[in-house]
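Below: the structure, in structure tokens.
The values are calculated or read from the model by the stated rules, or taken from the named source; none is laboratory data. The structure presented is a predicted model; accordingly, all values stated were derived computationally and were not measured. No Cβ is skipped: glycine too gets one built from the backbone with ideal geometry, and neighbour counts run over all protein chains shown.
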Amino acid sequence: MNRVGKRIVSGSGKPSCKGEWAGLAGLVGVFLLLGALAGCVQGPQVYQRSQVLMGTVVTLKVVARDPERAHQAMEATFREIRRLEQLLSTYIPESDLSRVNAYAGLHPVRVAPEVMEVLQDALEVYRITRGAFNIAVGPAVARWGIPDHPRVPSREELASLRPMVDLESVVLDPEKGTVYLPRKGMRLDVGGLGKGFASDRAYQVLRRYGIQGGIIAVAGDLRVFGHRPDGRPWKVGIRHPRREGWLARLDMEEGAVSTSGDYERYFMLNGIRYHHILDPRTLWPVRGIQSVTVLATQSVWADALATGVFVLGPQEGARLIESLRTSRQPAFRGLEAVIVDEKGQIWVSPGLRGRLEWAGDSPPGI
Ligand code: AMP
Ligand code: MG
């Protein structure tokens, strides 16, 4: 995987005021000097950087007064995301998760506490979605080969993988820190929540560096905190699933937004769209839905639920969001969603109605 460090920046230049101070002091006295000084004190600005990590572009925007501090914080954040990638990526053969998969049917494998945590979160969302979110779909994801070697596997091939997609048989031992896949050929794939998990960790690093506001964007998974330098909230866009640009935008100060869509990774064959989110029952790409956006307090829940609700489909997905947002569980406080079905009809959860700015005319509800 290549890593590209790019410095794109809004307002990183240090103002140099020395010459102006001397000239002004000589010319017009103390009041004007004070005025000039005030103008030269740099206020908070947005600093932005992007790197390719976890197979996608990770962009950080941070609000800071000191560019050095901003860049140190961003460097540390990228290091943390890279560290998590080394643990969780199934593209890296030595990662903890790749080792778990490689020893399927043989023996338990010791993993880092972060890996145990991601797997426990995944199990929780498996239960909440009654199996729609299932990270044991790994063998089927590999057979569809999206996006690198796309192909349509035969029905027999997919049927032969069914016994492997059995998350309930996975043995997690948090005390020993081990994970065991009991059947050869089983394969866990945390693509549905790993980026969200990483965004939450990235947020913690930025806060440790004293950063008061910013956005962490790992592809379609965003973690937002604080506000813009002018005190206004951040604007977050929800991508249109069938057109360039955004479908809707909203103001956000604190929380996470994740979108899962059939347009992210897919191939077209004979006019049919084959994408990367699979129904664990059929092991075929899910039909009847174009995209799901979930807002939550933490990115890991937003990410996993966006994928899980996508699999459940528009009606059952909306029902799950309704029941979770009224459940009073702290993890799902502030949970909201936007669901776009196969016809492009849009459902918006009650707490978001009136908060969205639409790109076109106000859309019809389902
Ligand atoms: P996301 O982009 O967050 O919706 O995640 C999609 C990724 O999750 C896919 O590329 C697969 O790696 C994985 N995945 C596919 N189907 C499922 C599923 N039913 N449950 C959990 N993860 C899945
Ligand atoms: Mg997801």
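Numbers at a glance
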item: Which listed residue is away from ligand 1 (no atom under 16 Å from the Cβ) and of a type in the set (Lys, Arg), from ARG281, ARG319; result: ARG319
item: Pairs with Cβ under 9 Å, 6+ apart, first in region 262-282 and in contact (Cβ under 8 Å) with a residue 12 or more places away in the chain and surrounded by fewer than 21 Cβ atoms within 10 Å (Cβ to Cβ), second of a type in the set (S, T, N, Q) and in a strand (DSSP E or B); result: TYR263/GLN290; TYR263/SER291; GLU264/SER291
item: Residue match in region 166-188 (condition: within 16 Å of ligand 2 (Cβ to nearest atom) and under 30 Å from LEU247 (Cα atoms)); result: no
item: Some residue of region 324-335 being in a strand (DSSP E or B), among the hydrophobic types (A, V, I, L, M, F, W, C), within 15 Å of ligand 2 (Cβ to nearest atom) and more than 17 Å from ALA132 (Cα to Cα); result: no
item: The listed residue being out of contact with any helix residue (DSSP H, G or I) (no Cβ under 7 Å at 6 or more places or on another chain), within 26 Å of VAL62 (Cβ to Cβ) and within 16 Å of ligand 2 (Cβ to nearest atom), out of ARG239, ARG249, ARG265; result: ARG239
item: Residue that is without any contact (Cβ under 8 Å) to a residue 12 or more places away in the chain and among the basic types (Lys, Arg), where the choices are ARG143, ARG82, ARG155; result: ARG155
item: Check on ALA248, in contact (Cβ under 8 Å) with a residue 60 or more places away in the chain, outside any loop (DSSP other than H, G, I, E, B), under 30 Å from LYS343 (Cβ atoms) and of a type in the set (Gly, Ala, Ser); result: yes
item: Odd one out for ASP279 among (1) more than 16 Å from ligand 2 (Cβ to nearest atom); (2) under 16 Å from TRP144 (Cα atoms); result: (1)
item: ASP221 vs. criteria within 16 Å of ligand 1 (Cβ to nearest atom) and in contact with a Gly (Cβ under 9 Å, 6 or more places away or on another chain); result: yes
item: Filtered residues of region 162-202 (kept if aromatic (Phe, Trp, Tyr) and under 19 Å from ARG110 (Cα atoms)); result: TYR180
item: Close pairs (7 angstrom Cβ cut-off, 6 or more residues apart or separate chains): in contact (Cβ under 8 Å) with a residue 40 or more places away in the chain and farther than 20 Å from LEU193 by Cβ in region 307-328, among the β-branched types (Val, Ile, Thr) and away from ligand 1 (no atom under 14 Å from the Cβ) anywhere; result: PRO314/ILE366
item: Selection count where residues are closer than 17 Å to ALA73 by Cα, of a type outside the set (D, E, K, R) and either within 16 Å of ligand 2 (Cβ to nearest atom) or at pLDDT below 95 (or both), scope region 213-235; result: 3
item: Looking only at region 174-208, and only at residues there that are within 21 Å of LEU305 (Cβ to Cβ) and outside any helix (DSSP H, G or I), the one that is farthest from ligand 1 (Cβ to nearest atom); result: LEU188
item: Answer residue from region 279-306, given it is assigned to a loop (DSSP other than H, G, I, E, B) and either closer than 24 Å to PHE197 by Cβ or acidic (Asp, Glu) (or both) and is nearest to the chain's Cα centre (by Cα) among those; result: GLN298
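Residues checked against (1) of a type in the set (A, V, I, L, M); (2) on the phi > 0 side of the Ramachandran plot; (3) surrounded by fewer than 21 Cβ atoms within 10 Å (Cβ to Cβ); (4) in contact with a Gly (Cβ under 6 Å, 6 or more places away or on another chain):
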site	(1), (2), (3), (4)
ASP189	no, no, no, yes
PHE197	no, no, no, no
GLN204	no, no, yes, no
GLY213	no, no, no, yes
GLY226	no, yes, yes, yes
ASP230	no, no, yes, no
VAL236	yes, no, yes, no
HIS240	no, no, yes, no
